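Below: the structure, in structure tokens.
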Amino acid sequence: MDPTAAETERDPRRPWQIAVAVLAVFALTMLVINVVLRMRADEAVSARQDAVAAMEGLQAENAQLASRNEQLLTQLSASNERLADIIARLDDTGLGAADEDVAEQVAAQRAAERAADRRGAGPREQVVVLRTQLRNAQTCAAGALQALAQVHAGPDIESGSAQAASTLEAVLPACRAGLA
């Protein structure tokens, strides 16, 4: 037997040295794990703070957009009220004519133009032509306003679009005659 091997077996410090070495490796492992976990925790906290800052920015932007939306809704409401007043006045004056009135107005303008052409287009004839042309232009404008009101009357733009299209089709001859 080797004398060195016999001494190592009898050395009472050997188990303690192994225990200290194991504890040192364990402590180093725990230290590395602690550092890694600390780094991950710091990254998570940083990411959370970034997310909170982004959320606060979005909340501020959302508040601004909500405020702007309120302003636009208020303006739209006021515009719709004004449009309703204009349409009510148009209905009171009879400028928002029905289909047959439009056809009669266009025929009256054409008849006045023919009469003016036959008589030499004197001042009286020109006044009659201009009045009928003005009446057709007013009917055209009234129809356009009514169509706009019909589009805005529903909960969304598309709900009144079919009715608005038929209104515009009805006054289209007056528009053509009024702009002639």
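Based on this model, can you work out whether Ala54 counts as in a helix (DSSP H, G or I), among the hydrophobic types (A, V, I, L, M, F, W, C) and either exposed (fewer than 10 other Cβ atoms within 10 Å of the Cβ) or free of Cβ contacts under 8 Å to residues at least 60 places away in the same chain (or both)? First the steps, then the outcome.
Numbers: in a helix (DSSP H, G or I): yes; among the hydrophobic types (A, V, I, L, M, F, W, C): yes; either exposed (fewer than 10 other Cβ atoms within 10 Å of the Cβ) or free of Cβ contacts under 8 Å to residues at least 60 places away in the same chain (or both): yes.
It is true that Ala54 is in a helix (DSSP H, G or I), among the hydrophobic types (A, V, I, L, M, F, W, C) and either exposed (fewer than 10 other Cβ atoms within 10 Å of the Cβ) or free of Cβ contacts under 8 Å to residues at least 60 places away in the same chain (or both).
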Practice prompt. Would you check if there is a residue in the range 6-13 being surrounded by 10 or more Cβ atoms within 10 Å (Cβ to Cβ), charged (D, E, K, R) and at pLDDT 80 or above?
Written response: no
Worksheet item: Do you know which of the residues in the range 126-180 that are of a type in the set (Gly, Ala, Ser) and outside any helix (DSSP H, G or I) is nearest to Asp85 (Cα to Cα)?
Response: Gly154
Worksheet, complete the sentence: Checked Ile18, Ile33 against criteria (modelled with pLDDT of 95 or more, over 43 Å from the mean Cα position of the chain (by Cα) and assigned to a helix (DSSP H, G or I)); the one match is Ile33
Item to complete: State all residues of the range 168-180 that are over 15 Å from Gln138 (Cβ atoms) and surrounded by 13 or more Cβ atoms within 10 Å (Cβ to Cβ); if no residue qualifies, say none.
Response: Leu168
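The values are calculated or read from the model by the stated rules, or taken from the named source; none is laboratory data. These numbers come from a predicted model, not from an experiment. Reconstructed Cβ throughout: ideal geometry from the backbone, glycine too, with neighbour counts over all protein chains shown.
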